[in-house]
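Engineer: Sharing a structure here in structure tokens format.
The values are calculated or read from the model by the stated rules, or taken from the named source; none is laboratory data. Only a predicted model underlies this, so the values are computations on that prediction, with no experimental measurement involved. Cβ sites come from the backbone with ideal geometry, for glycine too, and all protein chains shown count toward neighbours. With ligands, DNA and RNA removed, areas are computed over all heavy atoms of the protein, side chains included. Shrake-Rupley method; radii C 1.70, N 1.55, O 1.52, S 1.80 Å.
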2 protein chains.
Amino acid sequence: MTTDGELGAHEPLTESVRALIDRVIRTKVDTATQEAALAHVSAALNLLGERTMPDSFGMHAMATHGPTTAGNVVIGERNAIAPPLIVERDGTGQVSADVDLGAAYEGPVGHVHGGVCSLLLDHVLGATAHRPGRPAYTGTLQLRYLRPTLLGRLRVEAWVEHEQGRKTYARGRILRDGNVTVDAQGIFIRPRDVDAG
Amino acid sequence: MTTDGELGAHEPLTESVRALIDRVIRTKVDTATQEAALAHVSAALNLLGERTMPDSFGMHAMATHGPTTAGNVVIGERNAIAPPLIVERDGTGQVSADVDLGAAYEGPVGHVHGGVCSLLLDHVLGATAHRPGRPAYTGTLQLRYLRPTLLGRLRVEAWVEHEQGRKTYARGRILRDGNVTVDAQGIFIRPRDVDAG
């Protein structure tokens with residue numbers, strides 16, 4: 001039995017909605033078949049809408065003192081927009097993630113949208129500054145696009161350049177087939193009120 | 001009757017999947033109800049999967065000489081990840097978009113993910129450089145986060161600072177309740193081969 005806000009079948013459900021995003025983009029079925037699919041999506045919407053949180057997942061989780069990241073747009077296991085990114089940390093403070101981006105992340109034809117590259121880099125650089133229960137906010141982020149990033153399997157890496165009080169100076173990059181396509185540097189800040197806690 | 005790659009019921013279908021992303025995040029229904037919803041999502045997946053494009057929408061559209069943006073992650077009318085952003089241009093070259101971001105775009109609790117801010121700014125700054133049939137690629141992008149961006153209704157604005165050959169120097173910002181939360185500057189480049197065409 002599940003409790004409020006817990007999603008018993010969440011992993012298969014989120015995975016299926018993620019696949020559905022891709023399939024709506026790439027389908028070539030006729031209108032009648034699309035309409036039949038739409039009827040199923042509407043039925044799923046009605047079922048899931050029987051009881052919902054009033055705000056975001058994070059707001060709900062904070063109010064119920066649970067972990068807040070399941071709805072996160074980059075890493076959330078309930079968020080079908082999230083690839084999701086699985087962020088790994090090694091012993092040296094380096095953070096990395098391998099991710100396969102398909103049709104749903106397209107900008108220029110056949111390429112990852114430049115803004116999706118910045119989204120991933122913001123998250124992974126920011127992850128170098130996060131501490132358990134002490135999330136960091138982006139202060140600045142500077143991106144250099146060295147070559148186009150083809151859709152497919154990417155590696156995102158980041159590391160701490162130096163730290164100063166509540167500020168972490170991070171650097172990072174995206175690699176496609178071993179070549180750096182975008183590099184980034186940024187300053188990430190842990191809020192004062194959390195710092196004092 | 002629809003032809004290859006045309007999505008007859010695409011607007012309601014994409015809209016419904018967009019709503020479904022949000023509802024999977026915010027639902028509080030029990031496991032049995034989630035499983036019933038999952039069965040409907042699987043049925044929709046099967047129907048839409050009867051015929052699909054082999055690659056991304058953009059690759060398919062380029063091969064068939066159609067417009068390529070319907071699958072775009074920020075503006076695509078077939079892409080449920082896209083809010084979608086409706087980009088407006090006034091007579092002076094200013095570009096803007098009003099958008100309402102809900103639970104699916106969350107980063108820090110109750111706030112828009114910093115990387116989603118960069119995604120929107122990349123797109124809107126880049127739009128100042130786009131010409132019909134001549135998309136621009138991001139060269140550099142610099143972001144300053146001035147205050148947290150609450151989920152809800154945002155305005156994204158950008159304008160050309162100056163142009164030099166194939167390069168457009170653009171500036172822009174995100175406003176929430178009239179306050180600038182993030183400002184940005186970037187260089188966007190139209191590819192040489194397109195320029196020569």
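Engineer: Just to check, using Stokes-Einstein with a Kirkwood Rh over alpha carbon pairs, what's the diffusion coefficient of region B:46-197 at 4 °C and 1.567 mPa s in µm²/s?
Structural biologist: It comes out at roughly 78 µm²/s.
Engineer: In region B:47-67, what residues drop by 50 Å² or more in accessible surface going from the chain by itself to the full protein assembly, probe 1.4 Å?
Structural biologist: B:LEU47, B:LEU48, B:ARG51, B:THR52, B:SER56
Engineer: Rounded to the nearest percent, how much of the accessible area of the protein assembly as shown (1.4 Å probe, protein heavy atoms only) is carbon and sulfur?
Structural biologist: Carbon with sulfur: 50 percent of the solvent-accessible area.
Engineer: Of the options A:THR27, A:THR69, A:MET53, report the single residue whose Cα projects farthest towards the positive end of the charge dipole of chain A (beta-carbon charges: Lys, Arg +1; Asp, Glu -1).
Structural biologist: Projecting each Cα onto the dipole axis, the largest value belongs to A:THR69.
Engineer: Copy-to-copy spacing for A:GLU50, label 7 Å out on the Cα-to-C-beta vector, in nm, shortest first?
Structural biologist: Here A:GLU50 shows inter-copy label distances of 3.0 nm.
Engineer: Taking only Cα atoms, what is the 0 to 90° angle, nearest 10, from helix B:31-48's long axis to the longest principal axis of chain B?
Structural biologist: Its long axis makes an angle of about 70 degrees.
Engineer: Per residue in region A:82-112, which ones lose no less than 10 Å² of accessible surface when going from chain alone to all protein chains (1.4 Å probe)?
Structural biologist: Output list: A:ALA103, A:ALA104, A:TYR105, A:GLU106, A:GLY107, A:PRO108, A:VAL109, A:GLY110, A:HIS111.
Engineer: Tell me the Kirkwood hydrodynamic radius of region B:7-86 in angstroms, computed as one over the mean inverse distance between distinct C-alpha pairs.
Structural biologist: It works out to 14.2 Å.
Engineer: What is the packing order of peptides A:131-137, B:164-170, taking the mean over residues of other C-beta atoms within 10 Å and listing the highest first?
Structural biologist: B:164-170, A:131-137
Engineer: Still on this structure: What total accessible area, in Å², is buried where chains A and B meet, using a 1.4 Å probe and rounding to the nearest 100?
Structural biologist: Working: alone 12370 and 12380 Å², together 16960 Å².
Its buried surface, counting both partners, is about 7800 Å².
Engineer: Given a 1.4 Å probe, how much area per residue of chain B is accessible, in Å²? Walk me through the intermediate numbers first.
Structural biologist: Details: 8480 Å² over 197 residues.
About 43 Å² of surface per residue is accessible.
Engineer: Of B:ILE86, A:ILE21, which has the most accessible area and how do the rest follow, probe 1.4 Å?
Structural biologist: On the way: B:ILE86 100, A:ILE21 5 Å².
Sorted descending by solvent-accessible area, the residues read B:ILE86, A:ILE21.
Engineer: Label position 7 Å from Cα toward Cβ: report the copy-to-copy distances for B:GLY91 in nm, one decimal, ordered from shortest.
Structural biologist: Between copies, matching label points for B:GLY91 lie 6.8 nm apart.
Engineer: So, in Å, what gap is there between the alpha-carbon centers of region A:11-55 and region A:68-99?
Structural biologist: Value for the Cα centre distance between the two parts: 24 Å.
Engineer: Amide H of A:GLU161: which non-local residues (sequence gap of 5 or more, or other chain) have their own amide H closer than 5 Å, using H built in the peptide plane?
Structural biologist: So A:GLU161 has HN proximity to A:TYR169, A:ALA170, A:ARG171.
Engineer: For region B:16-24, just list the computed ³J(HN,Hα) in residue order, Karplus coefficients 6.51, -1.76 and 1.60, θ = phi - 60°, integers in Hz, with x standing in for Gly and Pro.
Structural biologist: 5, 5, 4, 5, 5, 4, 4, 6, 5
Engineer: Now for a different question. In degrees from 0 to 90, rounded to the nearest 10, what is the angle of the helix A:114-127 Cα long axis to the longest principal axis of chain A?
Structural biologist: 60 degrees
Engineer: Per 20 Å bin from zero, what fraction in whole % of the C-alpha pairs of the protein assembly as shown is there, up to the bin with the longest pair?
Structural biologist: Reading upward from the zero bin: 29, 59, 12, 0.
Engineer: Oh, and also: Can you give me the long-range amide H partners of B:LEU151? Hydrogens built in the peptide plane at 1.01 Å from N, cutoff under 5 Å, separation of 5 or more residues or another chain.
Structural biologist: Excluding prolines and chain starts, which carry no amide H, the hits are B:HIS111, B:VAL112.
Engineer: I would also like to ask the following. If amide hydrogens are placed 1.01 Å from N in the peptide plane, which non-local residues have theirs closer than 5 Å to the one on A:TYR137?
Structural biologist: Under 5 Å from the amide H of A:TYR137: A:ILE189, A:ARG190.
Engineer: In nm, what does the list of distances from A:THR64 to its counterparts in the other copies look like, shortest first, when each label sits 7 Å along Cα to Cβ?
Structural biologist: The answer, with the shortest distance listed first, is 4.3 nm.
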